[in-house]
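> Pasting a structure below so you can have a look.
The values are calculated or read from the model by the stated rules, or taken from the named source; none is laboratory data. None of the values given here were measured: they were computed from a predicted structure. Glycine gets a Cβ as well: all are built from the backbone with ideal geometry, and neighbour counts include every protein chain shown.
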Amino acid sequence: MPNNRYQKMILEVLGTKPISFNPDLARALGSVKAGLLLSQFLYWNEKGHNPNWVYKTIKEMEKETALSRNKQDNAIKICEKFGVLEKKVTGIPAKRYFKVNIEKIIELLESSLLKNNKQVCESASSRVANKQQTNTENTSKNTPENSFLQNEQAKACSGFSSLKKEINKRKKTGSHKKEKPFFRGEEMRWSQNKWWVIPREGGQWLEFAGEKKDIDYK
């Protein structure tokens, strides 16, 4: 019984402050710290009063991600290097604001996925070639092991080819770009678990009282 009680307590504590972490971002950036930081900024993107910029202090980010100031600075530099994150310091007292570049993130992930799938394809092809060279009986003999390796090669290369074609298709049609929501020609933002309409002439945001079918994406 005590063990079950402690396990329940641990699960409750761990569930109070979850964080969204995308390992694909970490692989693409070549840094777990940068992937963690960018994942957190993506979580907060468009959730504040300013839809384009996220305000985060060093202490807030450390509390959310456990990244120290030095680790945050290093992760920010990596993200800026790849063009997926923009930082500005403004105001009195000075505050840090961050802007994520969704299109750059998509391009980075596409490039990383292509590279990884290409490596899988080349690795599978290499295993097939090495196995056939070491087969002293008959390299053309269709053994169960050779058949398995050839199927593995075919799957890997087919996946790489399909992914490459899909990405090129999306780039040509422009469908890789993020569509934005509009209501009667005016841009919308999702904030505080609600949709808001942003008047073109400026002023206060208006709470959207319509239905999902009334929202246009373009």
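> Would you call VAL84 at negative phi and either in contact with a strand residue (DSSP E or B) (Cβ under 9 Å, 6 or more places away or on another chain) or touching a residue at least 60 places away in the same chain (Cβ under 8 Å) (or both)?
Judged against the criteria, VAL84 is a match.
> Same structure, new question: Take the residues in the stretch 65-106 that are of a type in the set (Asp, Glu) and at pLDDT 90 or above, then tell me which one is surrounded by the most Cβ atoms within 10 Å (Cβ to Cβ).
Filtering the stretch 65-106 for residues that are of a type in the set (Asp, Glu) and at pLDDT 90 or above, the one surrounded by the most Cβ atoms within 10 Å (Cβ to Cβ) comes out as GLU86.
> Another question about this same structure. Kindly establish whether SER126 is out of contact with any Asp or Glu (no Cβ under 7 Å at 6 or more places or on another chain), of a type in the set (S, T, N, Q) and modelled with pLDDT of 65 or more.
When the stated conditions are applied, SER126 does not pass them.
> Now a separate question. Would you point out the residue of the stretch 189-218, among those that are of a type in the set (A, V, I, L, M, F, W, C) and not in a strand (DSSP E or B), that is surrounded by the fewest Cβ atoms within 10 Å (Cβ to Cβ)?
Applying the filter and picking the extreme gives ALA209.
> Could you grab me the full set of residues in the stretch 197-218 that are closer than 11 Å to GLU186 by Cα and among the charged types (D, E, K, R)?
ARG200, GLU201, ASP216
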